[in-house]
Amino acid sequence: MTKKFDVIVIGAGPAGYVAAIRCAQLGLKTACVDEWQNPAGEPSLGGTCLNVGCIPSKALLESSYLFHQAQTGLMDHGISVAKAAIDVAAMMKRKNRVVGDLTSGIAGLLKTSKVELFHGHARLVSGKQVRLKPRRSKNVLQTLAADHIIIATGSSAVRLDRAKLKKDFICDSTGALDFETVPERLGIIGAGAIGLELGSVWSRLGSKVVLLEAMDSFIPAADTQVAQLALRGLKKQGLDIRLGARLLTTQMKGQAVVVEYETSAGKRSEEFDKLIVAVGRKPNSDLLLDEEMKLELDERRFILVNEFCETSAPDIYAIGDVVRGPMLAHKGSEEGIMVAERIAGHYASVNYDAIPSVIYTHPEIAWVGKTEQDCKSLNIPIKTGSFPLLASGRARAMNEKEGMVKIISHTETDRVLGVHIYGTQASELIATAVSAITMEASTEDIQLTMFAHPTLSEAIHEAALHVDGRAIHIKN
Ligand code: FAD
Ligand code: NAD
């Protein structure tokens, strides 16, 4: 018998579970289908983000940062630790506990919201129906139907033929969250968000990390000035970031992975104990659609949607990593809320100009809005202001002098167009900038706002003042 709902959400990652909860809050009879299972074979909600993405990576970043601080950072405060040691198994156990607590928390949230949960693989068939192959009872197919369907099937790591995964030696980000020991020599293909974050984790724990990045520029989506500052800082920490390095081959030599690559200086090769492939992610659109179900995809197989996440089929929406735009958890969640509101008949939209990006290195790199190079290429007349953390009292008190805040605003309207931060807690500081851009604030609005002293956020105030030559604690 076909079970009927107002809405079926396929996928319980940050896009899908948030959409499902909001649909249920709005009084819609909602089902959510998800196929993720943890290593014990049990359902585990939260998708990539909670299981093998945002959360476990941040847990390891925190542990490795504390270890590194105990080794080197505390001395300056007059604190000595006899000998810091890392117990990788205990660190992983803590990370798994954090993941387990949060994934079961999502199950609880869906239950209290009265979202009916199905564990299994969903296939979209025509007539707004979903064929469900339950994970546990292999052969029993179930059909669900709904007036509206939200696809939130997420993404998977891109694989490279030149660096095929090999147990214990070549892995993707998921494997790199589960190393049992600290590799002495760690290679990473790709110096994007994953490469930099996981490279930081293992480098702080003692690995010699080499990142091979195909592009000549470093984090091209970030403001060039801030990206260059970050590149210098991260290199100083020991991350060996090699730009313009095109991968040629990988092969095993005993217990080592030999990577051959090419730069403008010619061919080179390097041996590693482990290699992480972190070259981007691709949408999970392939196993989703039944043969007769027609849904338009773009050339990279993202499900084609408009600004309201409507697909080419009526009443079928797609959100999160499976559609265009940055592959970020919060972007997917906001799309989920927008779609739920619109299904319930309310007006809602997502401000795609105000999506914050953060790379959780130390110091962190965070930005929102346009970069200086974006503005130049779009011929937008701009003013800029910046403030170095060196001049921040709080940053000095914290021993966190590295970095800066940069604000870009429109020359005529003074409207804030972009904010770019390299510095400790940039991930938290950027929220002020996101609010400013969302509320269409000017730098004058920020200038007229009072910031508590001593805080890192005063750097945003000073950068805004600097736009008009009014900064107090630096020369204008
Ligand atoms: P997903 O989280 O991928 O969830 C999709 C769900 O759908 C999965 O549970 C999947 O099993 C299920 N599914 C797929 N197909 C089917 C089907 N046919 N039937 C049933 N179920 C199906 N983003 C950030 O914003 N901040 C970070 O700090 C961050 N760190 C990251 C670190 C790493 C190592 C990685 C890999 C990613 C990170 N990301 C981060 C990206 C973030 O994880 C994704 O943007 C986010 O998870 C996308 O959410 P989603 O709901 O669209 O998809
Ligand atoms: P990415 O797109 O951020 O970086 C991949 C990098 O690999 C790019 O710089 C690319 O030029 C490089 N590359 C591609 N092919 C290559 C090759 N053959 N040789 C060498 N370099 C190559 O992707 P990612 O780091 O894999 O992360 C995947 C997604 O997950 C991203 O979209 C990101 O937004 C998301 N993520 C976000 C966070 C965060 O928000 N803090 C953290 C991790 C991941």
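Over the range 5-111, Cα pairs under 8 Å with separation of 6+ residues give a relative contact order of 26 percent.
Can you check what the Kirkwood hydrodynamic radius comes to for the chain, Cα pairs only, in Å to one decimal?
Numbers: mean 1/r = 0.0415 Å⁻¹.
For the chain, inverting the mean 1/r across all distinct Cα pairs yields 24.1 Å.
For LEU117, the residues whose amide H sits under 5 Å from its own are CYS32, ignoring neighbours fewer than 5 places away on the same chain, with H placed 1.01 Å from N.
Provide Rg over Rh for the range 164-221; use the alpha carbon set for both Rg and the Kirkwood Rh (inverse mean inverse pair distance).
Using Cα coordinates only, the ratio equals 0.96.
Taking amide H as placed 1.01 Å from N in the peptide plane, LYS4 has its amide H under 5 Å from the amide H of ALA145, each at least 5 places away in sequence or on another chain.
Put a dot 7 Å past the Cα of ARG246, heading toward its Cβ, do the same for HIS121, and the two dots end up 3.7 nm apart.
Using mean Cβ contacts within 10 Å as the protection proxy, how do 333-343, 303-313 order, highest first?
Details: 333-343: 23.5, 303-313: 17.3.
So the order, starting with the most tightly packed, is 333-343, 303-313.
In order along the range 119-128, phi translates into HN-Hα couplings of 9, x, 8, 9, 10, 7, 10, 5, x, 6 Hz, rounded to whole numbers, per the Karplus curve 6.51 cos²θ - 1.76 cosθ + 1.60 with θ = phi - 60° and x for Gly and Pro. Below 8 Å between Cα atoms, with a sequence gap of 6+, how large is the relative contact order for the chain in percent? Relative CO of the chain lands at 14 percent.
Provide the gained length on full extension for the span LYS3 to LYS235, in nm with one decimal, where the gain is 0.36 nm per separating residue minus the Cα-Cα distance.
Details: separation 232, 0.36 × 232 = 83.52 nm, distance 5.64 nm.
77.9 nm is the gain from fully extending LYS3 to LYS235.
Residues whose amide H falls under 5 Å from that of ILE241, counting only those 5 or more places apart or on a different chain, are LEU211, with hydrogens built in the peptide plane. With the gyration tensor restricted to C-alpha atoms of the range 1-146, the semi-axes of the equivalent ellipsoid amount to 42, 16, 10 Å, longest first.
Adding -39500 (n - 2.57) for every DSSP H run of four residues or longer, then dividing by how many residues the chain holds, sets the calculated 222 nm ellipticity at -9000 deg cm²/dmol. The value of relative contact order for the range 161-279, using C-alpha pairs under 8 Å at least six residues apart, is 35 percent. With all protein chains in place and a 1.4 Å probe, the accessible surface of the chain carries 52 percent carbon and sulfur. Computed over every Cα-Cα pair of the range 304-435 and binned at 5 Å starting from 0, the pair-distance distribution P(r) comes out as 2, 10, 16, 17, 15, 14, 12, 8, 4, 2, 1, 0 percent. Applying the Karplus relation 6.51 cos²θ - 1.76 cosθ + 1.60 with θ = phi - 60° to the range 427-438 yields 3J(HN,Hα) values of 4, 7, 4, 5, 4, 4, 5, 4, 4, 4, 5, 4 Hz, where x marks Gly and Pro. Were the residues from ALA431 through GLU291 laid out at 0.36 nm apart, the gain over their Cα-Cα distance would be 46.0 nm. Working from the pairwise distances between different alpha carbons, so that the mean of 1/r is found and then inverted, what is the range 161-279's Kirkwood radius in Å? It works out to 14.3 Å. Once the 1.4 Å probe is applied to the protein heavy atoms, the chain comes out at 47 Å² accessible per residue.
Here the Karplus curve 6.51 cos²θ - 1.76 cosθ + 1.60, taken at θ = phi - 60°, turns the phi angles of the range 355-367 into couplings of 9, x, 10, 9, 10, 8, 7, 10, x, 7, 10, 9, 7 Hz, with x standing for Gly and Pro. With both labels modelled 7 Å from their Cα along Cα-to-Cβ, the LYS401 to GLN37 distance reads 5.6 nm.
Distance between the C-alpha centres of the range 1-68 and the range 402-476: 34 Å, rounded to the whole angstrom.
Rounded to the nearest 0.05, what FRET efficiency do ALA90 and THR224 give with R0 = 45 Å and r taken as the Cβ-Cβ distance? Could you check? It comes to 0.65.
Relative intensity of the range 395-476 on a log10 scale, I(q)/I(0) at q = 0.24, 0.25 Å⁻¹, equals -1.25, -1.35, per a Debye sum over C-alpha point scatterers of equal strength in the absence of solvent. On full extension, the segment bounded by ASP315 and ARG97 gains 74.6 nm, given 0.36 nm per residue less the C-alpha separation.
Taking a quarter of the surface of the Cα convex hull of the range 330-378, what do you get in nm²? Averaged projected area of the range 330-378's Cα convex hull equals 4.7 nm².
The values are calculated or read from the model by the stated rules, or taken from the named source; none is laboratory data. Predicted, not measured: the structure shown is a model, and the values here were computed from it. For neighbour counting, all protein chains shown are included, and Cβ atoms are generated from backbone atoms with ideal geometry for every residue, glycine included. Each accessible area value is taken on the protein alone, full model and side chains, heavy atoms only, with ligands, DNA and RNA left out. Shrake-Rupley method; radii C 1.70, N 1.55, O 1.52, S 1.80 Å.
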